[in-house]
Amino acid sequence: MFDRLRVAHHHNYQSAMCNGSDGIILSTMMISSYLTWTLREIVLPLPLGIILSAITERLIRRNGSPFALLRNVAIKFILALVSVSFFSCNLLLLVGVILGSVLQPVGLTGGIATGKSTVSSLMQQDTDKDDNNNDIVEEFVIIDVDGIAHDILLPNKLGNDSVYDRLVSEFGKGILVEDKGSNSFAPNIDRRKLGDIVFQDRQKRRKLNSITHPKIIKIMLKRIVLEGLNLKQLFEKSTRRRSRRRVVCVDIPLLFEGGLPMRLLFGTIIVVTCKPDIQLERLHKRNPDLTIEQCRHRIASQIPVQEKARKAQVVIHNNGDIRSLKCQVQQIKADVGEKVCSKQYRGLELSWLLLGIMVIDLLKRYTILLDLEMLHYILRGFTARP
């Protein structure tokens, strides 16, 4: 990499001297060469590796076919070859590919009172297996975005990531919990009061989102990377008999409301839906202090669940009892776990293919036995002897 840079500078210097160019042109050419090298070797590889890996994840998670394994390996091999041909042996590209696969978790969303929290709880439970098939179990690690949104409202829990002071300054002390008997220095924010304000005023809802969403996304991305890399497994000695397919799943209520960037973050999106009348009934039963009209306002403030279901890869219909819902969740866990983690479906990972091709490329460039110029030099030396 540095050899190429020095050769480029030497060539530019000779060209400038032969043409009689002055120092300004020479400096401009050197700066241009440095910028080109920086762009290609440092700036572009990491984000392009992330994008490349994200595209790969989306391609291989499509509906299975009899030749899914062959298709997935072929896609990864072609992309790895193209990447090395453009960026050679760039470690930043390899790091980007690893991060890209981590940053394609499963997204779990749905409308208010559709049963998303129940589905999230069921996903965290171990899947029931028969005695003849007890070697594999899906482990869904849930990142609760609603829990993050709750924590950032607390005055003393997340430090600089807390939005407590900004919300009190923006919406006033009327959103705080009224507890006259408490000597607490900073009373908590009453989410019900805050919700009554923002659900009836679109401008205030946008203001709330502009304050809370950046913090929520920052914490969510950090947890996705940490759970996706799962570095702690390197220091743990597992005694489990079962092989676990570990899937990072983000429970995020307003996934589609976050726009295209949020949708691109998730390689697979699961939507929990139910009939509108059942949704209204469940919300009113869960919050009896709300009127029917207030419940309708809260449902209308979100994208309709039917529209969300059309944009999802997996849909869970929660119109029946808990037993029916549990059966759906178990089947979906098995299907999603296979596409995200199963080596029999996915084949060799893109990062390993990329690393292998990089090693071969290095051997071709720097190993004496594979270096054609060195071999030619040796043969010429033998033929020149008397």
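Taking the stated definitions as given, is Glu307 farther than 30 Å from Ile75 by Cβ, assigned to a helix (DSSP H, G or I) and not basic (Lys, Arg)? Taking the combined requirement at face value, the residue satisfies it. One residue stands out in region 24-42 among those that are closer than 17 Å to Cys89 by Cβ and open to solvent by 60 Å² or more (accessible area, probe 1.4 Å): the one that is modelled with the lowest pLDDT, namely Arg40. For region 257-279, enumerate the residues that are modelled with pLDDT of 90 or more and surrounded by 17 or more Cβ atoms within 10 Å (Cβ to Cβ). Scanning region 257-279 gives Phe266, Thr268, Ile269, Ile270, Val271, Val272, Thr273, Cys274, Gln279. For region 45-126, the helices (runs of 4 or more DSSP H) that sit wholly inside it and include 2 or more residues that are touching a strand residue (DSSP E or B) at 6+ places or on another chain (Cβ under 7 Å) and either among the β-branched types (Val, Ile, Thr) or without any contact (Cβ under 8 Å) to a residue 40 or more places away in the chain (or both) are 116-124.
The number of residues in region 339-355 being crowded, with 19+ Cβ neighbours inside 10 Å and either within 19 Å of the chain's Cα centre (by Cα) or modelled with pLDDT of 90 or more (or both) comes to 5. Taking region 288-319 as the search range and keeping residues that are out of contact with any helix residue (DSSP H, G or I) (no Cβ under 6 Å at 6 or more places or on another chain) and of a type in the set (D, E, K, R), which one is least open to solvent (accessible area, probe 1.4 Å)? Applying the filter and picking the extreme gives Arg298. Tell me, please, whether a residue that is open to solvent by 20 Å² or more (accessible area, probe 1.4 Å) and at pLDDT 85 or above can be found in region 126-135. For region 126-135, residues open to solvent by 20 Å² or more (accessible area, probe 1.4 Å) and at pLDDT 85 or above: absent.
When the residues of region 169-225 are filtered to those that are loosely packed, with under 14 Cβ neighbours inside 10 Å and hydroxyl-bearing (Ser, Thr, Tyr), which remaining residue is modelled with the lowest pLDDT? Ranking the qualifying residues of region 169-225, first place goes to Ser182.
Within region 231-239, does at least one residue satisfy the condition of being farther than 20 Å from Thr109 by Cβ, within 17 Å of the chain's Cα centre (by Cα) and part of a helix (DSSP H, G or I)? Scanning region 231-239 turns up at least one residue that is farther than 20 Å from Thr109 by Cβ, within 17 Å of the chain's Cα centre (by Cα) and part of a helix (DSSP H, G or I).
The values are calculated or read from the model by the stated rules, or taken from the named source; none is laboratory data. Predicted model only: the values in this text are computed from it and were never measured. Note: ideal-geometry Cβ built from the backbone for every residue, glycine included; neighbour counts use all protein chains shown. What goes into the accessible areas is simple: the full protein's heavy atoms, side chains included, and nothing from ligands, DNA or RNA. Shrake-Rupley method; radii C 1.70, N 1.55, O 1.52, S 1.80 Å.
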